[in-house]
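The values are calculated or read from the model by the stated rules, or taken from the named source; none is laboratory data. This is a predicted model, so every value here is computed, not measured. Here the Cβ positions follow ideal geometry from the backbone for every residue, glycine too, while neighbour counts run over all protein chains shown. Note: accessible area is taken over every heavy atom of the protein model, side chains too, but ligands, DNA and RNA are not part of it. Shrake-Rupley method; radii C 1.70, N 1.55, O 1.52, S 1.80 Å.
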Amino acid sequence: MPGVSLRIDDNEVDASPGESVMQAAVRVGVKVPGLCQMDGVSVVGACRLCMVEVAGTPRPRPACATPVAEAMDVHTDTEQLREHRKVLLEMLFAEGQHVCAVCVANGACELQTLAAQVGVDHANFTPPPSRLTMDLSHPRFGYDPSRCVLCTRCVRACAEVEGAFTWGVAGRGREAHLVADLGRPWGEAESCTSCGKCVSVCPTGAMFEKGTSVGQRRVKRALVSTLTSRRERESAREVLK
Amino acid sequence: MSNGVDLFDLSQKEREAQAAYRRHVLCCGSTACLSGGAQATQDAIEAEIKERGLEQDVRVVATGCMGLCSRGPLVKVRTRGEDDVLYADVDADAGRRIVDEHVADGQPVADGQLSLQHPFFARQERVVLENMGEIDPNRIEEYIARGGYRALRDAVTTMTPAGVIEVVQRSGLRGRGGGGYPAGTKWGLLAKAQSDHKTVIANGDEGDPGAYMDRTVMEDDPHRVLEGMALAAYATGAKHGYIYVRAEYPVAVRRLEQAIRQAKRHKLLGKGLFGTEFEFNVEIRIGAGAFVCGEETALMASIMGQRGTPVLRPPYPTERGLWGEPSMINNVETLANVPTILRRGAEWFASIGTDTSRGTKVFALAGKLENTGLIEVPMGITLREIVEEIGGGVAGGKAFKAAQTGGPSGGCIPIKHIDTSMDYDSLLALGSIMGSGGLIVMDEDVAMPEVARFFMRFCMDESCGKCLPCRAGTFEMYELLDAICEGRATAANLARLETLCDVVRTDSLCGLGQTAPNPVLSTLHYFRDEYEARVVPDTVAAAVAADAGGASAHERSA
């Protein structure tokens, strides 16, 4: 298949058809901010942090879900995009209880890194009192909904990579939260294989291994993407046989 | 009747049966009138007729909506060779009196009569609602007697699918759910898609506050929806259809289920229709109460038994929709236009309305007006004509302030634009939208920031929570609007509100979030002074907050 060439932030990029703008951008050193996107699981385009401007389209589009096209002209870091990202991140902080000083993920948190990258040093919004309680019913893992950014990486990893379909989202709007087995305590969720993939993909400290203290959460972020790419390679080999 | 081709026979028989009665008493049995006691009225009328032994001569029918819902229960007396007489506010006693004087003695009751020449009726043009208030929605025979299913028969037996699409395209019909996408173009996209499992879906998940156009069509003329869907299916090569109805419309669900059974019995749905190879089946799917399921990708997720949240487009449903196969979603009102377009021709339809907005639009006329109810008007009519003539002017002698169209996705039209033409493009130019047909008129006493707060509360409650800008943004905007309405907000808060409008509109995933700021932007544009009048200096805001025993909203650092 012939490749396509496009411009991302004034860099010429060669890409394969089917690649996303986000994937192509990485190769020229442009890291578009994002939270819900992760290699190895499907794309949902829900966090809207990776919005980029594509010349000729009326509104910004999510870089993770926008396929590259010939002669596309993409800008990932305009003033408006920067301003919007900042507001979006501020809202994300205001939604939960993101207190780094007492979080297992301190120092290994994607939200924390993004905040530094985008320049969010305080929130203009009022964080609400925590509405949801922590689920510590699982023998090995815990889930703290007040640190959850609803990126649904865990939902997708559980369904698409582990095939267990334990996690789902319940509730609408600000009441949206994760549920195991349609609303059981995690420890009683019969479909859970305790594989820990959900914990490994969590960008914040919402899912953690029990026994880890502040700043101790060190997870294998690449676990799911590695598994997926190995499987793809393996099935390609099967086809060749 | 065996193969649906003898529609004419059935129609003839029904007409003869109806003609045998000298008088017909049409009692509105639609939801609004029912809630006003229409059942008691009808029972009283029937009992009185029985008592007087007039059953052979007089037929009592529970019809669909007659339109002027604010004056219900409505009763219409139709006599052979005479003009119809309409009565308003008919309670059981008034119903008995109508039987005693008008039905029995032929002397129309003077009290409670409403002239059918009243502008509320005379200014309307009924296409979608042509059978409303005329037929018993429980009987397929009455729909057929008024020309129903003939368009389908003629299309299937004499036209090519492409020919049907061409007629719809030429009629200029645009989507009535709000977007205004040309129906013929959408049909063409599905027709082009290659698959044996195409689906057509009727979107009956009407959810705008105050709007009940689709509900009325589904409840009071269900066969029209089925015929429109069957025509869409024939034109596009779909064999299967779904009607997605919200659970809050139980009567619509019941009537549609009944209509499907009747249509199957008369071989108007199913296999081998009209002696051809054409087959089409319809199923009903009931929503679980989420406004967002009116968004087409969320609607499809809901049909498939998944959580009703939107997914990214493209791919569009006509490429990859229900069960991964090409699908097409049309609003109920869009589909309800189609049988009449096929029957009366594209040119006739295109002659109604404006150059870019052909045909009529049904509005749920609500708010501070003398007359409210369900109306169907040619597009291009001015807002002033709707308010002053059809609506009878603002109630209680108050002054008109603004009209809100398009519900939580729309905006308001202030008095200076009251002469605007009601069509897709004019409304868009004013910062509102045609929407699905909600039209709420507000008088001088209404505070616009409170209107914006009302709609934002709705969007906040109905946001699905999937994408961040809508989930968190509608909440933050609601909090700011609340602070403004309650006199707790500062100028900085107002500026923040405008920033949020921009972020939520630009960055949200689906139409719900992208349009959620519209009521704010529109009221800010036309009534900014009302917002500024409520904004207080920082020091006052702090004092108010201290009084309330907490810090002011949005002023704390995290």
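Quick notes on this one:
- Chain A, accessible surface, carbon-and-sulfur percent (1.4 angstrom probe): 53
- Portion, in percent, of the accessible area of chain B that falls on carbon or sulfur, probe 1.4 Å: 48
- Chain B, relative contact order [Cα under 8 Å, separation at least 6], %: 13
- Cα-based shape type of the range B:147-350, given that a ≥ b ≥ c are square roots of the gyration tensor eigenvalues and the cut on a/c is 1.5: rounded
- Mean accessible surface per residue for chain B, computed with a 1.4 Å probe while every protein chain stays in place, in Å²: 36
- Extent of the range B:422-472 along its three principal axes (Cα atoms, max minus min coordinate, largest first): 34, 29, 16 Å.
- Per chain A, cysteines lacking a partner by the 4.7 Å Cβ criterion: A:Cys50, A:Cys64, A:Cys100, A:Cys103, A:Cys109, A:Cys148, A:Cys158, A:Cys192, A:Cys195, A:Cys202
- With Cα atoms, 0 to 90° folded angle of helix B:7-19 axis to chain B main axis: 80
- Any cysteine of chain B lacking a neighbouring Cys Cβ under 4.7 Å - listed by number: B:Cys27, B:Cys65, B:Cys69, B:Cys293, B:Cys412, B:Cys459, B:Cys464, B:Cys467, B:Cys470, B:Cys485, B:Cys501, B:Cys510
- Computed with the Debye formula from one identical point scatterer per Cα of the range B:7-122, without solvent, the log10 of I(q)/I(0) at q = 0.11 Å⁻¹ comes to -0.34.
- Within straight-line cross-link reach of A:Lys86, lysines at Cα separation under 25 Å, skipping those fewer than 8 residues along the same chain: A:Lys31, B:Lys466
- Annotation: amide H of B:Arg285 within the under-5 Å range of B:Ile243, B:Tyr244, B:Val245, sequence separation 5 or more or interchain, hydrogens built in the peptide plane.
- Quotient of C-alpha Rg and 2.2 N^0.38 Å, computed over chain B: 1.03
- Under the criterion of Cα pairs below 8 Å and six or more residues apart, the relative contact order for the range A:100-225 equals 35 percent.
- If you model chain A as an ellipsoid using its alpha carbon gyration tensor, with each semi-axis the square root of five times an eigenvalue, the axes come out at 31, 25, 15 Å, biggest first.
- At a threshold of 40 Å², the residues of the range B:453-502 that become less accessible to a 1.4 Å probe in the full protein assembly than in their chain on its own are B:Lys466, B:Leu468, B:Arg471, B:Phe475, B:Glu476, B:Arg496.
- Using θ = phi - 60° in the Karplus curve 6.51 cos²θ - 1.76 cosθ + 1.60, the 3J(HN,Hα) couplings for the range B:349-358 round to 5, 5, 6, 9, x, 10, 4, 9, 10, 8 Hz; x is entered for Gly and Pro.
- Here the spin labels are modelled as points 7 Å beyond Cα on the Cα-Cβ line, and at A:Leu240 and B:Ala533 they lie 7.7 nm apart.
- Residues whose placed amide H lies under 5 Å from that of B:Leu439, excluding near-sequence neighbours: B:Ala364, B:Ala366
- Helices in the protein assembly as shown, meaning DSSP H runs of at least 4 residues, each add -39500 (n - 2.57). Divided by all residues, the mean residue ellipticity at 222 nm is -11000 deg cm²/dmol.
- Chain B: angle of helix B:161-171 to the longest principal axis, Cα-based, in degrees nearest 10: 60
- For the range B:360-446, the fraction of C-alpha pairs farther apart than 15 angstrom is 50 percent.
- Average accessible surface area per residue within the range A:100-225, 1.4 Å rolling probe, Å²: 44
- Alpha-carbon Debye profile of the range B:350-408, log10 I(q)/I(0) at 0.20, 0.29 Å⁻¹: -0.77, -1.26
- Taking amide H as placed 1.01 Å from N in the peptide plane, the amide H of A:Phe141 sits under 5 Å from that of A:Lys210, each at least 5 places away or on another chain.
- All-pairs Cα distance distribution in the range A:100-225, expressed in whole percent, bin size 10 Å: 12, 45, 35, 8, 0
- Where B meets A: accessible area buried, both sides, 1.4 Å probe, Å²: 3000
- For the range B:59-149, GluC sites (Glu not before Pro) are listed when DSSP marks them as loop and at most 13 other Cβ atoms sit within 10 Å of their Cβ; the list is B:Glu82.
- Coarse-grained scattering of the range A:4-77 at q = 0.13, 0.24, 0.26 Å⁻¹, given as base-10 log I(q)/I(0) from a Debye sum over alpha-carbon atoms: -0.31, -1.10, -1.29
- Derived scalar couplings between HN and Hα for the range B:280-289 equal 7, 10, 10, 10, 9, 10, 9, x, 10, x Hz in order, rounded to whole Hz, by the Karplus curve 6.51 cos²θ - 1.76 cosθ + 1.60 (θ = phi - 60°), x for Gly and Pro.
- Residue by residue along B:305-313, Cβ atoms of other protein chains within 10 Å of the local Cβ number 3 on average.
- Taken over the protein assembly as shown, the percentage of Cα pairs per 20 Å bin, counting from 0 up to the bin with the maximum distance, is 15, 42, 32, 10, 1.
- 3J(HN,Hα) along the range B:314-330, derived from phi through the Karplus expression 6.51 cos²θ - 1.76 cosθ + 1.60 where θ = phi - 60°, amounts to x, x, 7, x, 5, 8, 9, x, 4, 6, x, 9, x, 9, 9, 10, 10 Hz, with x in place of Gly and Pro.
- Crossing angle, helix B:222-236 versus chain B [Cα axis fit, 0-90 degrees, rounded to tens]: 80
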